[in-house]
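A short worksheet on the structure shown next.
The values are calculated or read from the model by the stated rules, or taken from the named source; none is laboratory data. Here the structure is a predicted model, which means the values were calculated and not measured. Backbone-built Cβ (ideal geometry, glycine too); neighbour counts: all protein chains shown. Heads up: the accessible areas ignore ligands, DNA and RNA and are worked out on the full protein's heavy atoms, side chains in. Shrake-Rupley method; radii C 1.70, N 1.55, O 1.52, S 1.80 Å.
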Amino acid sequence: MDVEETRIMTPADLAEAELGQPIHCLELIDGLSVGRRYLIHRSGASIGRVPPADIVLAEPGVSRFHCRLTVQGDDLIVEDLQSTNGTFIDETRIFEPTVVPVGSVLRVGRQFLKRIDDAAAAPVVTPDIFLSYSRDDQATARIFAEALAAEGFSVWWDVALRAGQAYDEVTEAALRSARAVVVLWSKRSVASRWVRSEATLGDRQGSLLPVMIEACERPVMFELTQTAELSHWRGQPDDAAWRAFVEDVRKRFERGDSGAESAR
């Protein structure tokens, strides 16, 4: 897959996505993960170095709470949050809420995000992998998402708060169409009705690939499902258990492709 197809879903894709409202899109053109797209909707999004920022750009030049993106009418507005190194639009530092025009470049630290035409911002709904996890495990989920993308897989994962929000069409479409549903089991995710529901659907579709990211008691119905043990893993690409898991994913896809060919 091309790196530019890897996208992270922010609050942009949730409550109003199915209503056909405009979605604003920022594409990382220079920085940590070139080609990644961030979709911004009416609820807006925050940018910072660490969670709970909606868009996490983990480099030293980015402040913990660097800037905030809001939507006013059809405009995308950025406001600096008294960051150390400032927020820039096309190399001009901003000191008050400012419109981000289509085609302009937003600089946050050493990360350069270009606002692209809203028509190009349609969310990915046919990923290789749907990543299911607890919001509290977002930092670990990010490691998995980026490592799987580095292996050549397209990965769908949302970084939006789910509390109080409807299970929207975008999420369900990605879940149902994914070739594999990778569930990250932890003490927090086993208590999440969202993660349990996603795991149940993945199991029903025959696409479930569960992973243990810490010692915990899995839901009873998944105790007999083969589960990768990666509680020790912190992103090392040459780790033996990680390599075995990636190989399992590839084999699953190969079996699926072979079955599809046979059915034709």
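Tabulated data for the structure shown
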{"quantity": "The stretch 33-56, residues that are within 16 Å of Val105 (Cβ to Cβ), touching a Ser or Thr at 6+ places or on another chain (Cβ under 9 Å) and among the aliphatic types (A, V, I, L, M)", "calculated": "Ile40, Ile47, Ile55"}
{"quantity": "Qualifying residue in the stretch 49-60 (condition: modelled with pLDDT of 90 or more and surrounded by fewer than 17 Cβ atoms within 10 Å (Cβ to Cβ))", "calculated": "yes"}
{"quantity": "Matching residues, the stretch 190-205, being surrounded by fewer than 17 Cβ atoms within 10 Å (Cβ to Cβ) and of a type in the set (Ser, Thr, Tyr)", "calculated": "Ser197, Thr200"}
{"quantity": "Pick from the stretch 226-264, criterion polar (S, T, N, Q) and open to solvent by 80 Å² or more (accessible area, probe 1.4 Å), ranking: modelled with the lowest pLDDT", "calculated": "Ser262"}
{"quantity": "The stretch 27-48 residues that are within 22 Å of Glu91 (Cβ to Cβ), paired with ones that are surrounded by 22 or more Cβ atoms within 10 Å (Cβ to Cβ) and aromatic (Phe, Trp, Tyr) (beta carbon under 8 Å, 6 or more apart)", "calculated": "Glu27/Tyr38; Leu28/Tyr38"}
{"quantity": "Number of the condition not met by Ala174 [criteria: (1) among the hydrophobic types (A, V, I, L, M, F, W, C); (2) under 22 Å from Ser46 (Cα atoms); (3) modelled with pLDDT under 85]", "calculated": "(2)"}
{"quantity": "In the stretch 107-139, residue modelled with the highest pLDDT [restricted to those that are among the β-branched types (Val, Ile, Thr) and open to solvent by 50 Å² or more (accessible area, probe 1.4 Å)]", "calculated": "Thr126"}
{"quantity": "Subset of the stretch 206-215 (residues that are in a loop (DSSP other than H, G, I, E, B) and open to solvent by less than 30 Å² (accessible area, probe 1.4 Å))", "calculated": "Ser207, Ile213"}
{"quantity": "Those residues of the stretch 171-189 which are within 20 Å of Asp248 (Cβ to Cβ) and surrounded by fewer than 21 Cβ atoms within 10 Å (Cβ to Cβ), in sequence order", "calculated": "Arg179"}
{"quantity": "Output for the stretch 183-198, where each listed residue is at pLDDT below 95 and under 15 Å from Trp156 (Cβ atoms)", "calculated": "Trp194, Val195, Glu198"}
{"quantity": "Members of the stretch 129-149 found to be more than 11 Å from the chain's Cα centre (by Cα) and among the basic types (Lys, Arg), listed by number", "calculated": "Arg135"}
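Here's the yes/no breakdown for (1) at pLDDT below 95; (2) in contact with a Phe, Trp or Tyr (Cβ under 8 Å, 6 or more places away or on another chain); (3) assigned to a strand (DSSP E or B):
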{"position": "Leu32", "(1), (2), (3)": "yes, no, no"}
{"position": "Gly35", "(1), (2), (3)": "yes, no, no"}
{"position": "Tyr38", "(1), (2), (3)": "yes, no, yes"}
{"position": "Ser46", "(1), (2), (3)": "yes, yes, yes"}
{"position": "Ser63", "(1), (2), (3)": "no, no, no"}
{"position": "Arg68", "(1), (2), (3)": "no, no, yes"}
{"position": "Asn85", "(1), (2), (3)": "no, no, no"}
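Residue by residue, here is whether (1) small (Gly, Ala, Ser); (2) farther than 23 Å from Arg243 by Cα holds:
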site	(1), (2)
Ser186	yes, no
Val190	no, yes
Arg193	no, yes
Glu198	no, yes
Pro210	no, no
Glu214	no, no
Val220	no, yes
Thr225	no, no
Leu230	no, no
